[in-house]
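Read through the structure below, which is laid out as structure tokens, and then see the notes.
Read-outs: derived from the displayed coordinates by stated rules, not from any lab. No experiment lies behind these values; they were computed from the predicted model shown. Glycine gets a Cβ as well: all are built from the backbone with ideal geometry, and neighbour counts include every protein chain shown.
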Amino acid sequence: MATNKVTRLFTTRLKSALFKMPNRVKITGRTSTITNSFVNSIIPVITPSQDQVLEALSLLEMTEETYQCAYCGDKVSEWDHLRPLVLQKRATGYISEIHNLVPACGKCNQSKGSRYWKDWILSDAPNSPKARQIADLQDRIRKLEAYEAWKPPTKLDFESIVGSETWKQHWDNCERLHALMKESQVLAETINRLIDTAHKKMLDGTS
């Protein structure tokens, strides 16, 4: 009996390790993606020169050989905005330029989200450098502070540039999409229930 119990436990753990069901997607789970698209589609994207990239790395006390996540030291997968482009579902006025970007890993970028880097890095947020007990955290903060002081990130008043009417129209469009996504989610749940019921009947042989 004891052997059978151990075998079942091992089999259960093995199945769990080998197979994981994908999560059911919710249409409304993509609202932040829509908002981010409405911001990223309008902001300037300034491609830096190679010299600017090397200067940026130098300020972070990195070289091409020691290139790493500025927040935690892990392998770089992207460049992250120090100052967020989106805050409280609206554009902050910051843009994509080298002065507002640092090399980062995906874990830090996802954990940081739209927080200001210094508030986040010292927070207990899941996977923040503090939460992960990064040993040289204070030294990394020093480098990031120096980097941020290098050339303050550009911040523009988008609404005054394009005019209040155009600006409102842009965000009204965004809100309409969000409303349509909520409406679509309700319909999707109805369809899902109908399909689930039909599938169960088919398995039971009652269809």
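A few notes on this one:
- With R₀ set to 35 Å, the beta-carbon distance separating D51 from L87 gives a calculated FRET efficiency near 0.65.
- Sum of side-chain charges, L60 neighbourhood, beta-carbon under 12 Å (Lys, Arg +1; Asp, Glu -1): -2
- Under-5 Å amide H pairs with V86, H placed in peptide plane, nonlocal only: T92
- The chain: relative contact order in percent, alpha carbon pairs under 8 Å with at least 6 residues between: 22 percent
- Computed lengthening from M202 to A179, 0.36 nm per intervening residue step minus Cα-Cα distance: 4.8 nm
- Cβ distances below 4.7 Å define possible disulfide partners, and in the chain the cysteines left without one are C72, C108, C174.
- Straight-line reach from K118: taking Cα to Cα under 29 Å and skipping same-chain neighbours fewer than 8 places apart, the lysines in range are K75, K89, K107, K130, K143, K151, K155.
- Inter-centroid distance (Cα atoms) of the stretch 26-42 relative to the stretch 59-85, Å: 25 Å
- Using C-alpha pairs below 8 Å separated by at least 6 residues, the relative contact order for the stretch 40-151 is 28 percent.
- Mean Cβ neighbour count within 10 Å, used as a protection proxy, ranking 97-105, 21-29 highest first: 97-105, 21-29
- Amide H contacts of D80 (H built 1.01 Å from N, under 5 Å, at least 5 apart or other chain): V102, A104
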